[in-house]
Amino acid sequence: MAERTSFSNEEYADILFYYGAARGNAEQARREYGEIFPNRRLPDARVFSRTFRRMRERGTVVRYQGDAGRPRLEVGDDEEEILNHFQIDPTLSTRMIARRMGRSQWKVWYTLHENDLHPYHYTPVQAIEEGDPFRRMQFCRFLLNADVEDRNYLKRILWTDESKFDKDGITNYHNAHYWSVRVMGNPHLKRQKGSQRRFNLNVWMGIIHNRLIGPHFLPQNLNGVEYESFLRNVFHELMEDMPLETRQNMIFMHDGCPAHFRLAVRSWLDQHFPDRWIGRGGPIPWPARSPDITPMDFFVWGRMKSLVYATDVPVPNIEDLRNRIINAAQEIQSELTDSRVVKTGVVRRARACNRNNGGHFENEL
């Protein structure tokens, strides 16, 4: 057998010792190893995990090239170059690197596998700008304090939002990966994404406690004039089935998109919901770029799109899409009977937001 080794037996023994002392934390083991042996060549963190894996699986720290059966792929000098690519940008695809280097995709996969790198999915999240975390924490603290003072406060909020649906359905993130050392666990990487997308139908809906309001179909490109017209002429019709007491004590919520910020819209809300509406420029300010706090985003739209696009067959026409949305709303309403998903979800997310100082928190839920 051809043997290939990079360190002495003494060095490998110390590598295993400090990897065990660090309880499998390769980065910590590397730091402690470097402090104890400042005059030695400092191994990469991956060497610690690879050495341990070889000892556990094969009973030896030495790397071998098998001479029987299917020959193992010889990575050679390409290994360092491949690893450097993913160290610079861990979101790269194996196909892209294989094409860039003029090598097979299998060779890239093999190199990553041998170095204990694993592809983890990242979570797309809304971009957060400077000053947003503080405002998000303020709002979440307000919600939690209001819930303590009045146990029915969150049940009185009518959360509203608009979302666009097209014929193709949900974006598939199956091939979106982040390469990281397996022993370190899933890093729960997040990637920012935009929130505005073009679809064929623009849908308005609301949810208050365990009641779904809508759907109502808005113009595809909503502006302030059309939104004001919706509030004045359609909104009360959608609320007719709600008890009078609920309508009288209801707190209206919408986000801060430009159509919602129109002066006439805010004046209408001040008139119909005095000191009882949440939004940009309202008596209760809505923190910008915070869809992760509203149940319309973390519950209604996700559930609705999973129902609308339950099959892989594209929606054939706009009427079929409309019917799918209506049917999905009816199914969601049946699921909401005696449900506490809204209040429980909002409280849980408000607490998580505060724990993360107003930053992203969905990867921890």
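With r defined as the distance between the Cβ atoms of R156 and T91 and R0 fixed at 45 Å, what FRET efficiency is calculated, to the nearest 0.05? According to the calculation, E is roughly 0.55. A straight chain from L144 to N357 at 0.36 nm per residue would run longer than the Cα-Cα distance by 75.2 nm. Label-to-label distance, N210 versus N233, with points set 7 angstrom from Cα along the beta-carbon direction: 3.6 nm. Each of E335 and L42 was given a label point 7 Å from its Cα along the Cα-to-Cβ line. The distance between the two points is 5.0 nm. First measure r as the distance between the Cβ atoms of T344 and E226, then evaluate 1/(1 + (r/R0)^6) with R0 = 45 Å and state the FRET efficiency to the nearest 0.05. That gives a FRET efficiency of 0.85.
Spin-label pair S104-N323: with each label point 7 Å from Cα along the Cα-Cβ axis, the two points sit 5.0 nm from one another.
Net charge of the neighbourhood of S104, taken over other residues with C-beta under 12 Å away and scored Lys/Arg +1, Asp/Glu -1, is +3.
The GluC sites (Glu not before Pro) of the stretch 191-287 that meet both conditions, a loop assignment by DSSP and at most 13 other Cβ atoms within 10 Å of the site Cβ, are E240.
Between T60 and E245, full extension at 0.36 nm per residue minus the direct alpha carbon distance yields a gain of 59.2 nm.
Every number here is computed from the coordinates shown, using simple stated rules; none is lab data. Everything numeric here is computed off the predicted structure, so don't read it as measured data. Using ideal geometry, Cβ is built from the backbone for each residue, glycine included, and neighbour counts are taken over all protein chains shown.
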